[in-house]
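Heads up: the structure comes next, in structure tokens.
The values are calculated or read from the model by the stated rules, or taken from the named source; none is laboratory data. Here the structure is a predicted model, which is why all the values come from computation and not from measurement. Using ideal geometry, Cβ is built from the backbone for each residue, glycine included, and neighbour counts are taken over all protein chains shown.
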């Protein structure tokens, strides 16, 4: 089976500072992978490399057998809600239609089918009655679900989530994980999280990103990790690049 | 006041042309200004507006000192505006570290170049004052036809590209992931802004142009949370400001551009106070 993601001895540095060093791993289609690591460890850089927004200094990255920039049509991306301007005048439906821009004809009007598809996506995340609401007026959990709807509307094969439960309370966090559980198996999911405790039941493997990338199974993630500590030498780890 | 203004419009074709020119400019100020406000590129737009003086100065110098008559100050402004927009856009895309300093430098260089050319131009340069503080009565029939053409080009472009512009204003990463040519769209948006600035300079002048580009959309943003509605409301506010400002200016014999800009500023302060009062209620 063709890998969903393949990293082969990938290095990435901002100017002279190495961010990702000699990373090699694969992710198979349908897998749910959690990404953990300290702040500044390279988690978001890893996602940006997969999306083709950054080019590696050396090594090979493939997404569904193609270079990342040629595989963007396979991707859905859920960023953190905190980076958006709450005053920005955009409705929830307009936001979700942003996931179908690649289909927008030159004259700039979405087809009825596309609008209907956006509405269905909102229904999937439980926001069917909020399509006219301004995005900035949604609660943290609703905003996160709206962004997930945008990522899902284009039927992606690979869903990337950057801390989807940051800045939301425990109840909303559970709602988001419940939604992701329903998507599990239907697509490949990579999720950056700071709270692996809550997500440990969902993920099949964990990538610990701390310049180097260590691959672990949930069983191997000891208490240190679930507490949010990243002391790799304290636990018995497989060598970097090995797939459990 | 209104009656005497309406009577003057019926009898004075110059005033009527000026009003039509003002309304034509209001159309783009509401639409393009909304992108400027939501994308938070007011500083960049200010730099483009002031760089335009270099084109005006050069064209006046070519016309008066070198006898080249086919280029008008409006055409010079348009060329300088588009070139500045492309240059500033390139700096934004490729030189982010010192972007604000470089843009501020271009702002000054553009104005300084314009002033130097004008100082070398023979004769009394009434055009300079008109371009700096605006003189809507100075709009010629040729300028009006150019205004209509540019209005049409901007409207058609925005209708076709609005959803793409919305995407790059709200979330560039998502737009890029969807295969949009984000950098090209950004440069195009800056070019449209520069064209709008040249149109608005006719009404309020270089010094006050940012008022008309930012205040109507900022007021509109208080009343709506959808960009397309915001544009419609901003156009209506801009037209109302143009008409009321001209009527006040006519009645008191004040400069038109400054009166329109001051009316806009006062309306914005009232709108802000009203929204703060409602929020605290």
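Things to note:
Conditions tested, residue by residue: (1) out of contact with any helix residue (DSSP H, G or I) (no Cβ under 9 Å at 6 or more places or on another chain); (2) at pLDDT 95 or above.
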residue: A:7; (1), (2): no, yes
residue: A:13; (1), (2): yes, no
residue: A:21; (1), (2): yes, no
residue: A:38; (1), (2): yes, no
residue: A:72; (1), (2): no, no
residue: A:77; (1), (2): no, yes
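- With respect to the conditions (1) modelled with pLDDT under 95; (2) assigned to a helix (DSSP H, G or I); (3) more than 14 Å from every other protein chain (Cβ to nearest Cβ); (4) surrounded by fewer than 20 Cβ atoms within 10 Å (Cβ to Cβ), residue A:126 falls short on a single one, namely (2).
This table checks each residue for (1) within 14 Å of chain B (Cβ to nearest Cβ); (2) closer than 25 Å to residue B:178 by Cα; (3) not in a strand (DSSP E or B).
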residue: A:148; (1), (2), (3): yes, yes, yes
residue: A:156; (1), (2), (3): yes, yes, yes
residue: A:173; (1), (2), (3): no, no, yes
residue: A:214; (1), (2), (3): no, no, no
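- Any hit, the stretch B:234-253, residues being within 14 Å of another protein chain (Cβ to nearest Cβ) and closer than 24 Å to residue B:201 by Cβ: yes
- Among the residues of the stretch A:102-111, just one is part of a loop (DSSP other than H, G, I, E, B), more than 7 Å from chain B (Cβ to nearest Cβ) and in contact with a helix residue (DSSP H, G or I) (Cβ under 7 Å, 6 or more places away or on another chain), namely A:110.
- Residue in the stretch A:105-121 that is farther than 25 Å from residue A:185 by Cα and touching a residue at least 40 places away in the same chain (Cβ under 8 Å) present: no
- Residue in the stretch A:129-140 that is closer than 28 Å to residue A:29 by Cβ and either more than 12 Å from chain B (Cβ to nearest Cβ) or crowded, with 21+ Cβ neighbours inside 10 Å (or both) present: no
- Here residue B:22 qualifies as under 20 Å from residue B:142 (Cα atoms), away from chain A (no Cβ under 14 Å), under 12 Å from the mean Cα position of the chain (by Cα) and buried (at least 20 other Cβ atoms within 10 Å of the Cβ).
- The conditions of being surrounded by fewer than 22 Cβ atoms within 10 Å (Cβ to Cβ), at the interface with chain B (Cβ under 9 Å from one of its Cβ atoms) and more than 16 Å from the chain's Cα centre (by Cα) are not met by residue A:69.
- Residues of the stretch A:181-200 that turn out to be more than 21 Å from residue A:63 (Cα to Cα), free of Cβ contacts under 8 Å to residues at least 60 places away in the same chain and outside any loop (DSSP other than H, G, I, E, B), as a count: 4
- Counted residues, the stretch B:61-112 - those being more than 22 Å from residue B:187 (Cβ to Cβ) and either surrounded by fewer than 17 Cβ atoms within 10 Å (Cβ to Cβ) or touching a helix residue (DSSP H, G or I) at 6+ places or on another chain (Cβ under 6 Å) (or both): 13
- Residue ranges of helices (runs of 4 or more DSSP H) in the stretch B:117-216 with at least 3 members out of contact with any helix residue (DSSP H, G or I) (no Cβ under 7 Å at 6 or more places or on another chain), without any contact (Cβ under 8 Å) to a residue 12 or more places away in the chain and within 14 Å of chain A (Cβ to nearest Cβ): B:141-170
- Residue B:71, sole failed condition from (1) within 30 Å of residue B:251 (Cα to Cα); (2) more than 14 Å from every other protein chain (Cβ to nearest Cβ): (1)
- The stretch B:246-260, residues that are touching a residue at least 60 places away in the same chain (Cβ under 8 Å), within 17 Å of residue B:22 (Cα to Cα) and part of a helix (DSSP H, G or I): B:246, B:247, B:248, B:250, B:256, B:257, B:258, B:260
- Considering the stretch A:47-70, and only residues there that are out of contact with any helix residue (DSSP H, G or I) (no Cβ under 9 Å at 6 or more places or on another chain) and without any contact (Cβ under 8 Å) to a residue 40 or more places away in the chain, the residue that is nearest to residue A:28 (Cα to Cα) turns out to be A:67.
- Residue list for the stretch A:79-101, filter: at the interface with chain B (Cβ under 10 Å from one of its Cβ atoms) and either under 25 Å from residue A:5 (Cα atoms) or within 16 Å of the chain's Cα centre (by Cα) (or both): A:79, A:83, A:98, A:99, A:100, A:101
- Selection count, the stretch A:42-101, where residues are in contact with a strand residue (DSSP E or B) (Cβ under 7 Å, 6 or more places away or on another chain), assigned to a strand (DSSP E or B) and farther than 19 Å from residue B:38 by Cβ: 10
- Selection status of residue B:150, more than 29 Å from residue B:114 (Cα to Cα) and under 17 Å from the mean Cα position of the chain (by Cα): no
- Some residue of the stretch B:231-240 being on the phi > 0 side of the Ramachandran plot and surrounded by fewer than 24 Cβ atoms within 10 Å (Cβ to Cβ): no
- Selection status of residue A:143, over 22 Å from the mean Cα position of the chain (by Cα), more than 11 Å from chain B (Cβ to nearest Cβ) and under 21 Å from residue A:177 (Cα atoms): no
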